[in-house]
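J.: Just passing along the structure, written as structure tokens.
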Amino acid sequence: MRSNLKHIEPYQPGITDDQLRKQFGLARLVKLNANENALGPSPLAVRAIGEELHKLHLYPDGGSELLREAIARHSGVGTAQVMAGNGSDDIIKLLSETFLDADDEIVVPFPSFSQYSFGAALMRAKVVNVPLMADFSYDVEAMLAAIGPKTKLLYLCTPNNPTGTVLKQAEFDWLMDRLPEHVFVIVDLAYDNYATDETRFTVTADALSYPNVAYLHTFSKLYGLAGLRVGYALGNEAIWSYVNRVREPFNVNRVAQRGAAAALNDVEHVARSRQLAADSRVLFASLADVGLHMVPSQGNFALIEVGDGRKTFELLMEQGILVRAGYPGLEAYVRVTFGIPEDNEACVNALRALRASSTV
Ligand SMILES: *Cc1c(COP(=O)(O)O)cnc(C)c1O
């Protein structure tokens, strides 16, 4: 086996619903651990997928042409600027394979999404972690300072998973004004369509004019299609001509292309999903009155400071409430995905009860 694989842990998606139900004898699970859309998949996507099923004997369009055209219209860019992937995880891996030689470096915020480091480890590149500030805002000066002659990729995740905090437009502009030309920037906007902060970075025509930046988006969160596996990136078409050399010929399957294209038109599902996130933020922030601080989040999830994240995770799990804990550097926190109101209340009430009994 290749020697660098000794240092890569297989991704642990965590215990499945069925295993948990069995283990604790629970009828109902409150699943707030994977930033999935609690309202379910886009109904327009589900209908379109149904219509596609009788064509499953045919290979999909290898270039995802119709989907990329739909994304281009939706984003106000040309089709050639769009790359489609089997989830944005696929695109992160493709960009890693496209750019990284052994001993190259990537600069990533810390804590952030684990797939960036995975892509680097796979290619034997080195990961340079740049800690976020104490309030989890970006430290762009430190990010710039971390860039050296071997840096190939700089990742920015906004709103950042797992902190929910955003990169400001002014911070992005400051960074781009000073960035050496040999660095390619990947901005992961998986949760941007939940965000409302008007000072945050957003993709404009200006942003799209940078030849060395790609913007990642996913259908897994707002559109509720995590199980379908579709993501996309906007960027310079010259980059995609290289990515196409490492991409599998049929990386996005037939139903995924059809379903994702339909989801883009589902304004009603999108509006309901955004509203749910907005309402949920208010509810979880109310835990402040028992001393449980929520990090202000622009995503469909939030970090809550509980003292002992791992223990809180376990005590909630016994009640059938699944959250996430165990992020390096975030031992005092749990990350809670916003669910339907009933599930949010179950989680908030359980946290209040743990607090009242001084368990957390
Ligand atoms: C969920 C998530 C994604 C999306 O991954 P997919 O492979 O498209 O499901 C990308 N980036 C971040 C930061 C995420 O949290």
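The values are calculated or read from the model by the stated rules, or taken from the named source; none is laboratory data. Note that the structure is a prediction, hence the values are computed from the model and not measured. Cβ sites come from the backbone with ideal geometry, for glycine too, and all protein chains shown count toward neighbours. In case anyone asks, the SASA skips ligands and DNA or RNA and just uses the protein heavy atoms, side chains included. Shrake-Rupley method; radii C 1.70, N 1.55, O 1.52, S 1.80 Å.
J.: Are there helices (runs of 4 or more DSSP H) fully within the range 65-137 with at least 3 residues that are of a type outside the set (Ser, Thr, Tyr), surrounded by fewer than 16 Cβ atoms within 10 Å (Cβ to Cβ) and at pLDDT 95 or above? List them.
T.: Working: elements: 65-75, 88-99, 115-122.
It comes to 65-75.
J.: Criterion first (touching a residue at least 40 places away in the same chain (Cβ under 8 Å) and in contact with a strand residue (DSSP E or B) (Cβ under 8 Å, 6 or more places away or on another chain)) does Val252 satisfy it?
T.: The answer is yes for Val252.
J.: Could you please let me know if Phe201 is in contact (Cβ under 8 Å) with a residue 40 or more places away in the chain, within 18 Å of Ile91 (Cα to Cα) and among the aromatic types (Phe, Trp, Tyr)?
T.: On the way: in contact (Cβ under 8 Å) with a residue 40 or more places away in the chain: yes; within 18 Å of Ile91 (Cα to Cα): no; among the aromatic types (Phe, Trp, Tyr): yes.
It is false that Phe201 is in contact (Cβ under 8 Å) with a residue 40 or more places away in the chain, within 18 Å of Ile91 (Cα to Cα) and among the aromatic types (Phe, Trp, Tyr).
J.: On to the next question. Can you pull out the residues in the range 320-336 that are closer than 22 Å to Gln23 by Cα and outside any loop (DSSP other than H, G, I, E, B)? Before the answer, list the steps.
T.: Applying the first criterion (closer than 22 Å to Gln23 by Cα) to the range 320-336 yields 320-326, 334, 336.
Residues satisfying the conditions are Ile321, Leu322, Arg324, Val334, Val336.
J.: If I filter the range 194-204 down to residues being at pLDDT 95 or above and of a type outside the set (A, V, I, L, M, F, W, C), which single residue comes out as nearest to Leu276 (Cα to Cα)?
T.: Restricting to residues being at pLDDT 95 or above and of a type outside the set (A, V, I, L, M, F, W, C), the top hit is Tyr194.
J.: Enumerate the pairs (first residue in the range 134-145 and over 14 Å from Leu303 (Cα atoms); second residue anywhere and aliphatic (A, V, I, L, M) and surrounded by fewer than 18 Cβ atoms within 10 Å (Cβ to Cβ)) with beta-carbon separation below 8 Å, excluding pairs fewer than 6 apart on the same chain, so at least 6 apart or on different chains.
T.: Filtered contacts from the range 134-145: Asp139/Met133.
J.: Then there is this: From the set of residues in the range 219-236 that are within 11 Å of the chain's Cα centre (by Cα) and of a type outside the set (Gly, Ala, Ser), which is farthest from the ligand (Cβ to nearest atom)? Even if it seems obvious, please write down each step before you answer.
T.: Taking the range 219-236 and keeping what is within 11 Å of the chain's Cα centre (by Cα), we get 219-222, 226, 231.
This time we only want the ones that are of a type outside the set (Gly, Ala, Ser), so: 219, 221-222.
Numbers: Phe219: 7, Lys221: 6, Leu222: 11 Å.
Across the range 219-236, the extreme among qualifying residues is Leu222.
J.: On the basis of being buried (at least 19 other Cβ atoms within 10 Å of the Cβ), outside the structural domain of Leu58 (by TED's automatic domain parsing) and not in a helix (DSSP H, G or I), does Arg281 make the cut? Outline the logic, then answer.
T.: Numbers: buried (at least 19 other Cβ atoms within 10 Å of the Cβ): yes; outside the structural domain of Leu58 (by TED's automatic domain parsing): yes; not in a helix (DSSP H, G or I): no.
Considered against the rule, which asks whether it is buried (at least 19 other Cβ atoms within 10 Å of the Cβ), outside the structural domain of Leu58 (by TED's automatic domain parsing) and not in a helix (DSSP H, G or I), Arg281 comes out as no.
J.: Would you pick out the residues in the range 347-360 that are touching a residue at least 60 places away in the same chain (Cβ under 8 Å) and surrounded by fewer than 16 Cβ atoms within 10 Å (Cβ to Cβ)?
T.: Arg352, Ala356
J.: For the range 320-346, which positions are open to solvent by 40 Å² or more (accessible area, probe 1.4 Å) and in contact (Cβ under 8 Å) with a residue 60 or more places away in the chain?
T.: First, the residues of the range 320-346 that are open to solvent by 40 Å² or more (accessible area, probe 1.4 Å): 324, 326, 328-329, 331, 340-342, 345.
Arg324, Pro328, Gly329, Ile340, Pro341, Glu345, listed by residue number.
J.: In the range 287-319, what residues are touching a residue at least 60 places away in the same chain (Cβ under 8 Å) and assigned to a strand (DSSP E or B)?
T.: Residues satisfying the conditions are Phe301, Ala302, Leu303.
J.: Name the residues in the range 3-58 that are among the aromatic types (Phe, Trp, Tyr) and assigned to a loop (DSSP other than H, G, I, E, B), would you?
T.: Looking only at the range 3-58, we keep the residues that are among the aromatic types (Phe, Trp, Tyr), and these are 11, 24.
Matches in the range 3-58: Tyr11 only.
J.: Which of the residues belonging to the range 6-51 are among the aliphatic types (A, V, I, L, M) and over 24 Å from the mean Cα position of the chain (by Cα)? Show your work before the answer.
T.: Looking only at the range 6-51, we keep the residues that are among the aliphatic types (A, V, I, L, M), and these are 8, 15, 20, 26-27, 29-30, 32, 34, 38-39, 44-46, 48-49.
Across the range 6-51, the qualifying residues are Leu20, Leu26, Ala27, Ala48.
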